[in-house]
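Some notes on the structure that comes next.
The values are calculated or read from the model by the stated rules, or taken from the named source; none is laboratory data. As the structure is a computational prediction, the values presented were derived from the model and not from experiment. Here the Cβ is made from the backbone with ideal geometry for all residues, glycine too, and neighbour counts use every protein chain on show. With ligands, DNA and RNA removed, areas are computed over all heavy atoms of the protein, side chains included. Shrake-Rupley method; radii C 1.70, N 1.55, O 1.52, S 1.80 Å.
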Amino acid sequence: MASGKLEDPVVLLVQAQGALKMNSTELAELLGFVPKTIYRWTAKRTSMSLAVLGELAPRVWAVDPKLAARMHACAAEAARETGLAPPPPLPQAAPAPAP
């Protein structure tokens, strides 16, 4: 995202699906959509709201914090550009154990 252009949200969604080890039906259920919607997004037959990435990012954080941060950044930038509410914050990293 260094160029200021948003990452492809479908690519981020597919990467999140892989990180969570979910099939399309499981991902659809988690997000509150029908599986056909996930198919339409990934086939780029319809656009998905970038808010979906913001909602999914905290769940991805547990398995891939870097991917979750990219998803959150994409959703936050889209929210800023459109004047919508920002996505919920990501969990904070656990503090390092004391020596």
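What to note about this one:
- Derived scalar couplings ³J(HN,Hα) [segment 49-55; Karplus, 6.51 cos²θ - 1.76 cosθ + 1.60; whole Hz; x for Gly, Pro]: 6, 5, 4, 4, 5, x, 6
- Net length available on complete extension from residue 33 to residue 69 is 10.7 nm, with 0.36 nm assigned per residue and the Cα-Cα distance removed.
- Per-residue 3J(HN,Hα) values for segment 34-44, derived from phi via the Karplus relation 6.51 cos²θ - 1.76 cosθ + 1.60 with θ = phi - 60°, read 8, x, 4, 5, 4, 4, 5, 5, 5, 8, 6 Hz in sequence order (x marks Gly and Pro).
- Residue 7 versus residue 47: modelled label distance in nm, points set 7 Å from Cα along the beta carbon direction: 2.0
- Scalar couplings 3J(HN,Hα) for segment 14-23, obtained by applying the Karplus form with A = 6.51, B = -1.76, C = 1.60 to θ = phi - 60°, are 5, 5, 5, 4, x, 4, 7, 6, 10, 8 Hz; x denotes Gly and Pro.
- Surface composition of the chain: carbon plus sulfur atoms contribute 58% of the solvent-accessible area (1.4 Å probe, protein chains only, all chains present).
- Helix-only CD estimate at 222 nm, as mean residue ellipticity for the chain, using -39500 (n - 2.57) per DSSP H run (n ≥ 4): -17500 deg cm²/dmol
- Pairs from the list 44/66; 21/66; 5/44 with a Cα-Cα gap above 21 Å: 44/66.
- With protein chains left intact and a 1.4 Å probe, residues in the chain average 63 Å² of accessible area per residue.
- Largest to smallest principal axis extent of the C-alpha atoms in segment 1-89, angstrom: 31, 29, 23
- Lys, Arg +1 and Asp, Glu -1 on Cβ, resulting dipole of segment 27-99 about Cα centre, debye, nearest 20: 280
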